[in-house]
Amino acid sequence: MKIARVRTKEYGETYGIVSTNLNKIITKNEIQEQTGIPLPLNLKEFLFNNWLNEIIKNNRRLNFVKNINDKELLAPLSHPGKIICLAFNYYDHAKDAGLTPNNEPVIFLKPRTALNNPYDDILCPGNVQRLDYEAEIAVIIGKITKKVTEDEAINSIFGYMIFHDVSARDIQFQDKQFTRGKSIDTFAPCGPWITTKDEINDPQNLKIITKVNGEVRQNSTSSKMVIPIKKIISSLSQLITIEPGDIISTGTPAGVAMSMNNPKYLKDGDLIEISIEKLGTIRNKVIFIEKVKL
């Protein structure tokens, strides 16, 4: 099942379920009308408090009548407790950077204020010269997770979505750490929806493609992850309590501009399209705005 957060003319900001052919959606109010189930206003409560099971029981009754293109798709989660991102978690990306991959997660945190909608513009400070793209698979945690084994970690996953870890390399190289250069407002487009884990038989075998102005820049697969998703969750949970709604973004494969012999960093007006098998596509244009102190 695919669950989206949307803005509509009728109901304002709400949520809904996307049809299997991805061109229709049924929103919360319409689900209530068709099933008689009184759903919560808050998407987070709907996702993580068993309301979805009630909908599944009534799935045959749902009539997807609204065109999804008539709705504004929003970042699936507006207020995650944590956004945990992994660095150099693909063999090919680490090799391009001349690094030896670590067998334990190397992480940094992004603030929720960096979250961006799946089709909105990325707003970059005008004096950034090395703006880079990173296509990633994000895991949405569905339950409180602490000190779990790798096998138990699978039960903690609610679903998956696309996550674009936009990176201002100027700031990253200046700081010699990742957080500030990756935390600028709008630097985390994601979505276009959450795909529940039952639709993903093997998260370690998903095709990942990034295009910039139609040119393929990243063409890889999640099979090249150094640390698989279940080990990421298990390892993090030994030290960090992971909570429902937390986002774990699992790293990016080779093909980023930083690792090219002649880097093709993003420019004003560039269009980045990220497609991940079974998860969908997000698309964002780069707009350079006022200059700031880096």
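Observations on the structure shown:
- Here the alpha carbons of region 76-199 define both size measures, Rg and Dmax, at 15.3, 46 Å.
- Within region 35-100: Cβ-based charge dipole about Cα centre, in debye rounded to nearest 20 (Lys, Arg +1; Asp, Glu -1): 300
- Beta-bridge orientation, the chain: approximately 90 percent antiparallel, per DSSP, counting only bridges with both partners inside.
- Using a Förster distance of 30 Å, the FRET efficiency for K9-I289 (Cβ separation, nearest 0.05): 0.55
- Within the chain, the longest run free of GluC sites (Glu not before Pro) that sit in a DSSP loop with at most 12 other Cβ atoms within 10 Å is 11-289.
- With the simple model of a label 7 Å out from the Cα in the direction of the Cβ, Q177 to D121 spans 3.2 nm.
- The ranking of L239, L131 by Cβ neighbour count inside 10 Å, starting from the fewest, reads L239, L131.
- Extension gain for N213 to M260 (0.36 nm times residue separation, less C-alpha to C-alpha distance): 15.2 nm.
- Pairwise label distance in nanometres, K57 with L22, each label 7 Å out on the Cα-Cβ vector: 3.2
- Each part reduced to its alpha carbon centroid, region 140-205 and region 10-64 end up 24 Å apart.
- 222 nm mean residue ellipticity, helices alone, for the chain (DSSP H n ≥ 4; -39,500 (n - 2.57); rounded to 500): -4000 deg cm²/dmol
- Extended-chain gain in nm, criterion 0.36 nm per residue less alpha-carbon gap, K267 and E33: 79.6 nm
- FRET efficiency estimate (nearest 0.05) - Cβ-Cβ, S275 to A97, R0 22 angstrom: 0.40
- Where Rh is the Kirkwood radius over Cα pairs, Rg/Rh for region 2-74: 0.92
- Qualifying trypsin sites (Lys or Arg not before Pro) in region 100-206, where qualification requires a DSSP coil assignment and no more than 14 other C-beta atoms within 10 Å, comprise K143, K146, K147, K176.
- √(5λ) per eigenvalue of the Cα gyration tensor, region 83-288, largest first, Å: 26, 18, 17
- Over region 1-147: Rg over Rh, Cα atoms, Kirkwood Rh: 1.04
- Cβ charges +1 (Lys, Arg) and -1 (Asp, Glu), total dipole of the chain, debye: 60
All of the numbers you see were taken from the coordinates with simple rules; none came from a lab. Values in this document were obtained by computation on a predicted structure and should not be read as measured data. Cβ sites come from the backbone with ideal geometry, for glycine too, and all protein chains shown count toward neighbours.
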